[in-house]
Structures are given as structure tokens and as C-alpha cells.
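In what follows, a single structure is set out as C-alpha cells and then discussed.
The values are calculated or read from the model by the stated rules, or taken from the named source; none is laboratory data. If you're wondering where the values come from, they're calculated on a predicted model, not measured in any experiment. Neighbour counts are summed over all protein chains in view; Cβ atoms, including those assigned to glycine, are modelled from backbone coordinates with ideal geometry.
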Amino acid sequence: MRAVALSLALLLAPASVLACADLPVQARLVEGSHFRLVVLPDPMPIPLNAPFALDIKLCDARMAELPRLSAVDAWMPAHRHGMNYMPKLAKLDWGHYRAEGLLLHMPGEWEFVFDFAGPDKPERLSFRFDAQ
Amino acid sequence: MRLFRLVAGCLLIAAAGFAQAADAPVFDAAQTRRILSHGPWPPEMVADRSNRLSGRPEAIRLGAVLFGDTRLSGNGAISCQSCHQPQHGWSEARARSEGLQRLDRNAPGLLNARLQRWFGWDGANDSLWAASIRPILAHTEMGGSAAATAQLLRNDPPLACLARHVDPAAAAMEDADLLVLAAKAMAAFQETLVSPRTAFDDFRDALAASDRIAMTRYPAAAQRGLALFTGRGQCGTCHSGPNFSNGEFHDTGLPFFIGDAGQPPGTPRRVDPGRHGGIAQVKVNPFNLLGRYNDDPSSPAAIPIRHVVQLHRNWGEFKVPGLRNLIATAPYMHDGSKADLHAVIRHYSDLDEDRLHADGEAILKPLNLGDAEMADLLAFLESLSGPEDSAARYQALRAEAARVCP
């Protein structure tokens, strides 16, 4: 039964690899172990001191190996503190997520952190951003 | 070669003479960007979508009248104006406010209040109108009620007339809805309280326009203070943006205990929980932006309360106040414990690092400022004030209301 569902899903997917074309120049790209993480802020660019959301896509991953995004967070390494807000993560589609309710309350360097669960092992990807 | 050096030297002196007084600092690119981020001023007036009365002249008028009305209080003797006095920048000269009881906190000035995200030193409210309901209902402050406020708006002829101008259906509203209407009108009035342009703003705009002549009008001491503020002092990390506040909460190492002088020995000492308590309160407040009184649930103002989380470090954190027109609002800090701006500067200079949370932020460090540096920082802070006429406009609104609804 599971095998049928799986092959059906593979059949229905336009290709067995999620490709992301036409990425805006402002998109942040991070190389994962076997996929690329593409992050698009909304609004763009990321504002200082106002709420924003992140549109998150996993690109170039094979469907069967698609990891699940389990958490998104941001913190300031130099100040040793995170945000005062807990983003809410929603899955929109295969490999496509949206995190709402982020707010960077200080100018300076922030690190965005993305935690993935399985299928084989957890993975953490990140990038840094200078908020001004 | 010597001639070249001489000419170059003359040119340099001439350039410096144009740019600023000889003892004024030179700002690098990063500092220039930081300075520009403290403007422009005043910010654009944006209506508060959670308050349908925001920006409406009839509501502003009603709000100005209610703000000074002692009948909103349980004992008929206390109005908003008792603690938020126009001549003190809508704050008061005492350290801790006294309503029906002595409060633990200083009354904040209300100029630029509309620019905040959270209201109160602990952010226990998430809108200007909810923050205007709180003092009416608090038994320690005004000790009023929705029923008494509603009765006043229904039965007092001038107030009923002013309320009718705001909403023809006012008289038929439920008590709670009339209380909210009164608070939203007072919020509409408070939104008009904006601090004026200052010497700093002229300098900031001159810097933006690379107008070196105009820049020299800003005193050298204030420029040096600005350099400290945006540089070694790191003040702008928290006091950011045009209103010099990031709208969030931090611990600046003030004493934990509430100073209850004159208590008998052995009385347990009290601690103000600050933001930790504020988050708990705002989440359960029926007047928060998730509740039914928000006139536009899709307003972006309602995003923060959906995502705010209570953390251990919020204990003893207080809201970062804006720094405009501080000249009128002494004393300072949430407990009014600093009598003047010099005392605030001394606090940042001599910070007690052991007192600051060990697991907390690594931003504040004792600055060990010299006397000249302290004087510069003071000159800068004072340059964020200017003469303003909100007291006169308040009186004019009240006079206009008396004409429209005698």
C-alpha cells in the first residue's frame, strides 16, 4: 500500500527532482548535503525592527530524499541572544515552507538557522545577515 | 615638496574649517549610516488600523476632553493628566506615580507614544487604546469601571454630544464598547503628541545632504556625544531608529529591588518582574489585538502578540524608552530612580557587570567615561529636545470641544 502511494507520488511529481527556477536576485542560497536551501524574505529586504516572513524552498532534492524542515530561528552570535518572537512554521507544499512572525530587534549580525529532520540524519543549515 | 605639503596642509585646514569646528569628530561610513538611521523626523503619520477612530478630528477632540476628566476615576479626583502633565512632556516630576495607591513605576512621557509596539514599561498592552483602558480599570491607579465610564458618556450632556459626533450609535452601546470607544478616542488624541524637530535632526539632514556648512551649526560637543552614542557607547543598539528605541525590552543593570523607603525592618523586599510579567498580562488581556475590540485583525500590529514568547531572561527587563524631548520628563528609568540625565549617563559609565544577567546579553559594559565625555554625551542627549506646543494644542482642542458641545 505504502509502495503504491509512493510510486503514485513519484508519478504525479513533474520530475523526481525539485528544481527551482527563476530565483530573484535577493534570494539567499545555502548548499545542503543533497539539496539547496532557497530563502526569500517577505517583505524584501529584511526590515529592521518590524515583523517579516520567510518563504523557504528546498531545491534540487530528489523527492524520496526530501528532508523535513522542523525549525527556523535567528540569533545574534556577538550578543548571545535570539529573537523575542517564536516564528510559526507552515508547510505549503513538497519542499516549500513559510515561517511567519520573525522580528530582528537590533542592528548588527544575525544568524538564521534552519533545522532539518531525516530521512537519514538531522541537518542544520544557516546563513548570516547584517541587519541595518 | 615643502610647497606641496604647505598647500595640502592649507587645503586640509580649509576643508576641516568648512566641515566642522576643529574639535568636532569625523564620522566614518558606518557611523554616518548609523546617524542617518535616526531620522528623518517627524515620521509619516500612519493611522492605527486597530483603532477605527485613529486620525479622526471628532475623536481627537473627545479624547482631549476625556484625558483631563477626573470623573473617569473611582474617587472623582484623578484624571490621566494628574500623572501625564503637559508641562512635563506628558509625564510628571515625581519618581513613582501616585494614583489611588503609590505605584512601582514612573509615568512615561506620552510624546511619540504612537510609535511604540508595546505599551507600559513591561509592555503589558499592545495598543495605545488598550494602554488607555488599563489606568481607568486599575484599582491602584484610577479605580474606575466600564459601567461608570459608559454612564458618564451617556448622561453628561457635553460628553454625550461629543461621543455622538464620533459615533451616532454611541448612547446605545454596551458598557464595555463605550469604555473602548472612550479609550480609542483618547488614543486618537495621544497620537497627535509628537516631539518637534531638533538641532540633531537639522544636523542629520545636513549630513544626508552632505551640506557641510549646515553641519557646522551643530555644536562640536553634541557631535562628539553623537560619536560616542553611535560608537564606543553602542547606545544605538537598543536606542535605534528615528525615535531612538527598538521597542523591545532589556536589562540595564538597575537594582532589582523596589525601593520602599520607610518600611519597618524585616518587611519582605519586592521585585518588579518587568517584561516577564508584561508578557503574561498581555496574553490574557481581553483588550489585546487578538480580541474582538481590534477593528482590523489583519493589521500588521497584531503580528507581534501572536509570536511573542516568555523567556527566563525577560525577568527584570524593561522597555527601551525613546530619547526625544527628555529634557521635560525627569526623573528617568522605569522606577524614576535617576533624577537627571547626568545620573543616567553615570549609570552607563559605572555599570555593575556582576548585576547584569550572567546568561544574558553581552552588550552593556561599563563605559568608564571621563568628565569631558560625559558632558559631550549630555550635550548630545539635550540636542534631541526642542520647544514644543502640545500643551497649547491640548487647551485649544478642549476649548473647541466646549464650543461644539457646550
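Select from the range B:98-107 the residues that are surrounded by fewer than 23 Cβ atoms within 10 Å (Cβ to Cβ) and of a type outside the set (A, V, I, L, M, F, W, C) and write down the one among them that is nearest to B:V194 (Cα to Cα). Result: B:R105.
Hey, any hits in the range B:262-272 for a residue that's in contact with a Lys or Arg (Cβ under 8 Å, 6 or more places away or on another chain) and at pLDDT 85 or above? Yes, the range B:262-272 contains at least one residue that is in contact with a Lys or Arg (Cβ under 8 Å, 6 or more places away or on another chain) and at pLDDT 85 or above. For the range B:334-355, does any single residue satisfy the condition of being within 14 Å of chain A (Cβ to nearest Cβ) and closer than 29 Å to B:H38 by Cα? No, that holds for no residue.
Could you check, for the range B:282-289, whether at least one of its residues is surrounded by fewer than 16 Cβ atoms within 10 Å (Cβ to Cβ) and within 14 Å of another protein chain (Cβ to nearest Cβ)? Looking for residues that are surrounded by fewer than 16 Cβ atoms within 10 Å (Cβ to Cβ) and within 14 Å of another protein chain (Cβ to nearest Cβ), one finds at least one in the range B:282-289, hence yes.
Considering A:R98, A:R68, the condition of being over 29 Å from B:R117 (Cβ atoms) and more than 9 Å from every other protein chain (Cβ to nearest Cβ) is satisfied by A:R68 alone.
Only one of the numbered conditions (1) of a type outside the set (K, R); (2) under 27 Å from B:E388 (Cα atoms); (3) modelled with pLDDT of 95 or more; (4) surrounded by fewer than 13 Cβ atoms within 10 Å (Cβ to Cβ) is not met by B:W41, and that is (4). Checked against (1) crowded, with 17+ Cβ neighbours inside 10 Å; (2) away from every other protein chain (no Cβ under 14 Å); (3) part of a helix (DSSP H, G or I), B:Q81 meets all criteria but (1).
The numbered conditions (1) surrounded by fewer than 18 Cβ atoms within 10 Å (Cβ to Cβ); (2) facing chain B (nearest Cβ under 10 Å); (3) under 20 Å from B:I305 (Cβ atoms) are all true for A:P51 except (1). Residues that are modelled with pLDDT of 95 or more, in a loop (DSSP other than H, G, I, E, B) and in contact with a Gly (Cβ under 8 Å, 6 or more places away or on another chain) within the range B:315-326 comprise B:V320, B:N325, listed in sequence order. The set of residues from the range A:71-95 being under 30 Å from B:G231 (Cβ atoms) and more than 12 Å from chain B (Cβ to nearest Cβ) comprises just one member, A:A74. Out of B:L384, B:L351, B:L341, one residue alone is in contact with a strand residue (DSSP E or B) (Cβ under 8 Å, 6 or more places away or on another chain) and among the aliphatic types (A, V, I, L, M). It is B:L341. Can we say B:L381 is within 20 Å of B:H38 (Cβ to Cβ), away from chain A (no Cβ under 14 Å) and assigned to a loop (DSSP other than H, G, I, E, B)? When the stated conditions are applied, B:L381 does not pass them.
Scanning the range B:302-333 for residues that are within 13 Å of chain A (Cβ to nearest Cβ) and either aliphatic (A, V, I, L, M) or surrounded by fewer than 20 Cβ atoms within 10 Å (Cβ to Cβ) (or both) turns up B:A302, B:I303, B:I305, B:R306, B:H307, B:V308, B:V309, B:Q310, B:L311, B:H312, B:R313, B:V320.
Exactly one residue out of B:R224, B:R197, B:R204 is of a type in the set (D, E, K, R), out of contact with any helix residue (DSSP H, G or I) (no Cβ under 8 Å at 6 or more places or on another chain) and more than 14 Å from every other protein chain (Cβ to nearest Cβ): that is B:R197.
Report yes if B:I279 is modelled with pLDDT of 95 or more and either surrounded by 19 or more Cβ atoms within 10 Å (Cβ to Cβ) or in contact with a Leu (Cβ under 6 Å, 6 or more places away or on another chain) (or both), otherwise no. The answer is yes for B:I279.
Residue-level analysis places B:P366 among those that are assigned to a loop (DSSP other than H, G, I, E, B), away from chain A (no Cβ under 14 Å), more than 30 Å from B:D177 (Cα to Cα) and not hydrophobic (A, V, I, L, M, F, W, C). Tell me which residues, restricted to the range B:358-375, are at pLDDT below 75 and either buried (at least 16 other Cβ atoms within 10 Å of the Cβ) or touching a helix residue (DSSP H, G or I) at 6+ places or on another chain (Cβ under 6 Å) (or both). Across the range B:358-375, the qualifying residues are B:G360, B:E361.
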